[in-house]
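Enquirer: Shown below is the structure under consideration.
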Amino acid sequence: MEITVEKVTELREWVDYEININTMAILPAKHLVYQSIVIEPSGRYYVKETVKQLLTRACLEGGSTYEGRKIAVIHHFHYEQKTPIPVDPNQSIYAFPTESPTQIECCWIFYSHVRRIIPRNNECTIEFKNKTTLDVRVSEHQIRKQRERAGNCMSHFSNRFVIIK
């Protein structure tokens, strides 16, 4: 995984970050203090929580646990590895891992922000809708497959719940 648009020294800290509709990607930070780098349209931010902690908290805010969401996706689609997560279906927040979440290089990409995937040898560049790019050391085929899986989840889980007022 490489960061392409801003230099790492231009990252700012975001205390108590919460995943939201502007979250484009979350990357592991190889840093002594910070565990994650969050990409939003407004910039890139260091966050002290791990990617898993951020996803877990966001899932709880959206009405379920991370594990519960993962089990639901596996139940409906049998995506047992590199499972996409419906973080908050009510807000259409869906994320997919670039590789196994147990791998240190795993990045989480938020489905609604991806514009296109550009091949680069055995790797690829993800271009977001705001033209920000992220180079990942994963094949274009794998990222397209992960994006498709997240799209399937979005189609299935979105608009399934009606809020009665």
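The values are calculated or read from the model by the stated rules, or taken from the named source; none is laboratory data. The model shown is predicted, which means the values in this text are computed figures rather than measured ones. Don't worry about glycine lacking a Cβ; one is built from the backbone with ideal geometry, like all the others, and counts go over all protein chains shown.
Enquirer: Looking at the stretch 34-53, which of its residues are of a type in the set (Ser, Thr, Tyr) and either over 13 Å from the mean Cα position of the chain (by Cα) or within 16 Å of Val87 (Cα to Cα) (or both)?
Expert: Tyr34, Ser42, Tyr45, Tyr46, Thr50
Enquirer: Can you confirm whether the stretch 59-78 contains a residue that is assigned to a helix (DSSP H, G or I) and among the aromatic types (Phe, Trp, Tyr)?
Expert: Within the stretch 59-78 (the criterion being assigned to a helix (DSSP H, G or I) and among the aromatic types (Phe, Trp, Tyr)), the answer is yes, since at least one residue qualifies.
Enquirer: Looking only at the stretch 41-61, decide whether some residue is of a type in the set (D, E, K, R), closer than 18 Å to Lys131 by Cα, crowded, with 18+ Cβ neighbours inside 10 Å and modelled with pLDDT of 95 or more.
Expert: Checked the stretch 41-61: no residue is of a type in the set (D, E, K, R), closer than 18 Å to Lys131 by Cα, crowded, with 18+ Cβ neighbours inside 10 Å and modelled with pLDDT of 95 or more.
Enquirer: Among the residues of the stretch 5-21, count how many are surrounded by fewer than 14 Cβ atoms within 10 Å (Cβ to Cβ) and modelled with pLDDT of 95 or more.
Expert: Count: 2.
Enquirer: Please work out which one of (1) over 18 Å from Arg147 (Cα atoms); (2) surrounded by 14 or more Cβ atoms within 10 Å (Cβ to Cβ) is the condition Ile71 fails and give its number.
Expert: Single failed check for Ile71: (2).
Enquirer: Test each condition in (1) closer than 22 Å to Gln142 by Cα; (2) within 14 Å of the chain's Cα centre (by Cα); (3) surrounded by 14 or more Cβ atoms within 10 Å (Cβ to Cβ); (4) of a type outside the set (D, E, K, R) for Tyr79 and report the one that comes out false.
Expert: (2)
Enquirer: Kindly indicate which of Ser100, Ser92, Ser112 is of a type in the set (S, T, N, Q) and over 18 Å from Met24 (Cβ atoms).
Expert: Exactly one residue qualifies, and that residue is Ser100.
Enquirer: Still on this structure, I have one more. Go through (1) over 28 Å from Leu32 (Cα atoms); (2) free of Cβ contacts under 8 Å to residues at least 60 places away in the same chain; (3) hydrophobic (A, V, I, L, M, F, W, C) for Phe77 and report which single condition fails.
Expert: All conditions are met except number (2).
Enquirer: I would also like to ask the following. Looking at Val138, Val87, which one is among the aliphatic types (A, V, I, L, M) and part of a loop (DSSP other than H, G, I, E, B)?
Expert: Of Val138, Val87, the one residue that is among the aliphatic types (A, V, I, L, M) and part of a loop (DSSP other than H, G, I, E, B) is Val138.
Enquirer: Would you say Ala72 is at pLDDT 95 or above, among the small types (Gly, Ala, Ser), within 21 Å of Phe157 (Cβ to Cβ) and touching a strand residue (DSSP E or B) at 6+ places or on another chain (Cβ under 6 Å)?
Expert: Answer is no for this residue.
Enquirer: Checking Phe77 against (1) at pLDDT below 95; (2) over 22 Å from Ile104 (Cα atoms): exactly one of these is not met. Which one?
Expert: All conditions are met except number (1).
Enquirer: Does the stretch 121-165 hold any residues that are surrounded by fewer than 13 Cβ atoms within 10 Å (Cβ to Cβ), on the phi < 0 side of the Ramachandran plot and modelled with pLDDT under 95, and which are they?
Expert: Within the stretch 121-165, Asn122, Ser155, Arg160, Phe161, Val162, Ile163, Ile164, Lys165 meet the criteria.
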